[in-house]
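Comments concern the structure below.
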Amino acid sequence: MVREIRIYYEGDGRLKSGFDKFFEPLKEKAREYRCRFRLIAGGGNPARDFADAVATHADSWNILLKDSEGPAKATAASSICQHQGLDPSHADSIFWMVEMMEAWFHADKDELARFYGEGFKRNELKRNPKVEQIPKKDLADGLRAATRGTLQKGAYHKTAHGPALLARIDRDRVRRAAPNCDKLFRAVLAKLSQK
């Protein structure tokens, strides 16, 4: 059984509090199995941090979570392993936010509206419920346009608003709208239940 799960996520360390809340059910399940659960900001080069962790924390399950920056490609995880000099088996420990973390916010437009309040323009966001199919540019442009005129928060800012949004969005809605997010949840739960 795994004794420690380390998720190296792409992004600023200030996002940690939001990821902590978003992944709370996984953290709770890990506690039940007496497994340590850590979230670690990957900052400048999360793939390298992941590769270093594979070498330095070999007894842990090291996971890389990063933006795909485009449509998810089946070979992307293998390419990271090859580039980092890792065994191809580590590709199963790489998960994607498709095309970027902000797609998860689009999965819960109701919470976005509550968070931003007066002046939020929901119609500026793409209506596609399959948020992983929304191009990165449309995700970013839509959030900017929808929030620009809000009276309380102002335009979307990743490190100013991202942690609070991650903590507030409905993870079940995100899992239904973002299959790669659901894949991460299912993989961690399956790993924890292995004897």
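No value in this document is a laboratory result; all are computed from the given coordinates. As the structure is a prediction and not an experimental result, all values here were calculated from the model. Don't worry about glycine lacking a Cβ; one is built from the backbone with ideal geometry, like all the others, and counts go over all protein chains shown.
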message: Below 8 Å between Cα atoms, with a sequence gap of 6+, how large is the relative contact order for the chain in percent?
response: 26 percent
- line: The answer for the net charge of residues other than residue 159 whose Cβ lies under 9 angstrom from its Cβ, with Lys and Arg +1 and Asp and Glu -1, is +1
message: Net charge around residue 175, counting only other residues with Cβ within less than 10 Å of its Cβ (Lys, Arg = +1; Asp, Glu = -1)?
response: +2
query: Which value at 222 nm does the chain reach when only helices count, each DSSP H run of 4 or more adding -39,500 (n - 2.57), with the total divided by all residues and rounded to the nearest 500 deg cm²/dmol?
result: -14000 deg cm²/dmol
- prompt: Under a 5 Å amide H to amide H cut-off, with H placed in plane at 1.01 Å, what residues pair with residue 37 once short-range neighbours are removed?
  reply: 5
query: Between segment 128-150 and segment 1-17, what is the C-alpha centre distance in whole Å?
result: 25 Å
Within the chain: Cβ-based charge dipole about Cα centre, in debye rounded to nearest 20 (Lys, Arg +1; Asp, Glu -1): 440 debye
query: What ranking of 16, 183 emerges when the number of other C-beta atoms within 10 Å of each C-beta is taken as an exposure proxy, fewest first?
result: 183, 16
